[in-house]
Amino acid sequence: MVAPAALGPRARSGDATDGVAAAVERARRGDREAFAELYRAHGAMVHGVLLAAVPRAQAEDLTQEVFLLAWRRLAELRDAGALAAWLVSIARSRAMDWARADGRRRGHEECAARSGAPPAGTTEKSDGEDRAEAVLAAIRGLPAAYREPLMLRLVAGLTGPQIACCLGMTHGSVRVNLHRGMAMLRQNLAEDRS
């Protein structure tokens with residue numbers, strides 16, 4: 001299995017990066033197990049990027065869509081060592097597509113609400129789920145510079161250098177954005193409690 005530490009060309013060990021590149025090459029030749037290794041190594045990261053932009057209920061489905069699209073377009077990936085950044089760009093694109101479609105869906109739901117129809121997909125949530133949704137909403141309310149780094153740190157468990165590699169940022173910028181984003185998140189959550 002490819003280790004999560006192997007998320008890009010700036011990963012800690014050359015062996016890990018070589019492992020990602022080898023898995024990418026095997027997957028390009030149709031090796032489904034190699035692609036499954038890539039999914040296991042990068043799935044949490046993609047899920048974290050999506051959670052920064054879409055509701056939790058949609059993030060899992062979109063994660064699957066991102067990897068299906070990546071599987072189909074794997075031949076387009078020029079540098080196998082840049083897989084993580086490439087997956088992040090696909091995830092961002094899918095999140096934007098979903099947001100555009102969601103705007104259209106909301107328009108239809110508003111029309112249905114005026115007609116008295118119940119909203120589609122309405123279910124009851126536990127207190128824990130409500131709190132998790134509140135935290136995710138608070139993160140989504142942060143400036144864009146803080147959202148993705150926080151989600152990659154908190155959800156995917158990536159380190160600063162891994163986040164820097166995935167988002168194309170310097171390690172120092174990631175560190176600053178994580179610090180400022182966490183401070184803003186704490187402040188927003190404290191305000192919500194009062």
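The values are calculated or read from the model by the stated rules, or taken from the named source; none is laboratory data. Note that the coordinates shown come from a computational prediction; the quantities given were computed from them, not determined experimentally. Here Cβ is always computed from backbone atoms with ideal geometry, including for glycine, and neighbour counts include all displayed protein chains.
Structure above, values below:
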{"quantity": "Close pairs (6 angstrom Cβ cut-off, 6 or more residues apart or separate chains): under 22 Å from residue 132 (Cα atoms) and touching a residue at least 60 places away in the same chain (Cβ under 8 Å) in segment 155-181, surrounded by fewer than 22 Cβ atoms within 10 Å (Cβ to Cβ) and not polar (S, T, N, Q) anywhere", "calculated": "156/44"}
{"quantity": "Output for segment 114-152, where each listed residue is exposed (fewer than 12 other Cβ atoms within 10 Å of the Cβ), assigned to a helix (DSSP H, G or I) and at pLDDT below 80", "calculated": "114, 127, 128, 130"}
{"quantity": "Qualifying residue in segment 185-193 (condition: surrounded by 18 or more Cβ atoms within 10 Å (Cβ to Cβ), touching a residue at least 40 places away in the same chain (Cβ under 8 Å) and more than 16 Å from the chain's Cα centre (by Cα))", "calculated": "yes"}
{"quantity": "Residue count for segment 13-72, restricted to those that are among the hydroxyl-bearing types (Ser, Thr, Tyr) and in contact with a His (Cβ under 8 Å, 6 or more places away or on another chain)", "calculated": "1"}
{"quantity": "Any chance residue 71 is out of contact with any helix residue (DSSP H, G or I) (no Cβ under 7 Å at 6 or more places or on another chain), at pLDDT 90 or above and not acidic (Asp, Glu)", "calculated": "no"}
{"quantity": "Residue within segment 153-160 that is surrounded by fewer than 15 Cβ atoms within 10 Å (Cβ to Cβ), over 18 Å from residue 86 (Cα atoms) and under 20 Å from the mean Cα position of the chain (by Cα) present", "calculated": "yes"}
{"quantity": "So residue 177, is it in contact with a Phe, Trp or Tyr (Cβ under 6 Å, 6 or more places away or on another chain), of a type in the set (S, T, N, Q) and assigned to a helix (DSSP H, G or I)", "calculated": "yes"}
{"quantity": "Scope segment 58-86; condition in a helix (DSSP H, G or I) and touching a residue at least 60 places away in the same chain (Cβ under 8 Å); matching residues", "calculated": "80, 81, 82, 83, 84, 85"}
{"quantity": "Looking only at segment 1-56, and only at residues there that are of a type in the set (Lys, Arg) and under 30 Å from residue 143 (Cβ atoms), the one that is modelled with the lowest pLDDT", "calculated": "10"}
